[in-house]
Amino acid sequence: MSPNSTNKRIDSEHYVEGYATTFEEPYELMKLSDGTPIYEKVARSAFAEADLSDVILRYDHKGPVYARTTNGTLGLEVTDKGLLVYADLGKTTRSKELYEDIAVGNVNKMSIQCTGIRRFDEATNTFTIEKVLKMYDVSAVGIPANDDTSLLARSIEQSKKEAEQDAKKKRLALLLRLETEE
């Protein structure tokens, strides 16, 4: 199920959405030469003052730009879970190719590239990103550092089906509520 199961935030036949990062859950960032794991997590308040004014969507933090906040093809929203990303990948041939890779599940995770303030906790070997200063890009990635990220493609047919299912659930809930009130 997509992060936003019934409402697409951009009207597009090549719509994708997912979480570029999640909050408060440590993920393994690397291993030291002695095998000691080093973790990283993002604080829930990290994006409170972040500069999100011109962020791009790329693949593996390099190569072409597939979507951008300044032209309205990319959007970012801080939620309780993390940084939700949504994009229209229907504007160029290259972006449609990325959409197809996402739609078939070849690419289903994300990552962020930013500058910020981090704190290291020696007791847990964990870096915490406490404050994001500037977000540069969100990337679709083949191998993520944070496996709790997600990226899904949503077609118009899928959106309609999800909306119909949601409407059926609401009608059923209303009927059940009416029956219990009688």
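The values are calculated or read from the model by the stated rules, or taken from the named source; none is laboratory data. Every value quoted in this text rests on a predicted model; they were computed, and no experiment measured them. Note that we place each Cβ from the backbone using ideal geometry, even for glycine, and neighbour counts take in every protein chain shown. SASA here: full protein model, heavy atoms, side chains in, ligands and nucleic acids out. Shrake-Rupley method; radii C 1.70, N 1.55, O 1.52, S 1.80 Å.
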- Task: Please tell me if ALA20 is at negative phi and surrounded by 14 or more Cβ atoms within 10 Å (Cβ to Cβ).
- Result: yes
- Message: For the range 102-123, which positions are of a type in the set (Asp, Glu) and open to solvent by less than 60 Å² (accessible area, probe 1.4 Å)?
- Response: ASP121
- Could you tell me whether any residue of the range 79-88 is open to solvent by less than 30 Å² (accessible area, probe 1.4 Å) and touching a His at 6+ places or on another chain (Cβ under 7 Å)? yes
- Task: Filter the range 117-135 down to residues that are within 20 Å of THR69 (Cα to Cα) and not β-branched (Val, Ile, Thr) and give me whichever is nearest to the chain's Cα centre (by Cα).
- Result: MET135
- Quick check: is even one residue across the range 22-39 under 15 Å from the mean Cα position of the chain (by Cα), of a type in the set (Val, Ile, Thr) and part of a loop (DSSP other than H, G, I, E, B)? no
- Message: Restricting to the range 124-157, give me the number of residues that are open to solvent by 10 Å² or more (accessible area, probe 1.4 Å), assigned to a loop (DSSP other than H, G, I, E, B) and among the hydrophobic types (A, V, I, L, M, F, W, C).
- Response: 2
- Query: Can you find a residue in the range 63-81 that is more than 27 Å from ASN7 (Cα to Cα), touching a residue at least 24 places away in the same chain (Cβ under 8 Å) and assigned to a strand (DSSP E or B)?
  - Reply: yes
- Message: Take the conditions modelled with pLDDT under 95 and open to solvent by less than 20 Å² (accessible area, probe 1.4 Å) and apply them to SER12. Does it pass?
- Response: yes
- Scanning the range 29-55 residue by residue, those modelled with pLDDT of 95 or more, out of contact with any helix residue (DSSP H, G or I) (no Cβ under 8 Å at 6 or more places or on another chain), surrounded by 12 or more Cβ atoms within 10 Å (Cβ to Cβ) and not hydroxyl-bearing (Ser, Thr, Tyr) turn out to be PRO37, ILE38, GLU40, LYS41, VAL42, ALA43, ARG44, ALA46, PHE47, ALA50, ASP51
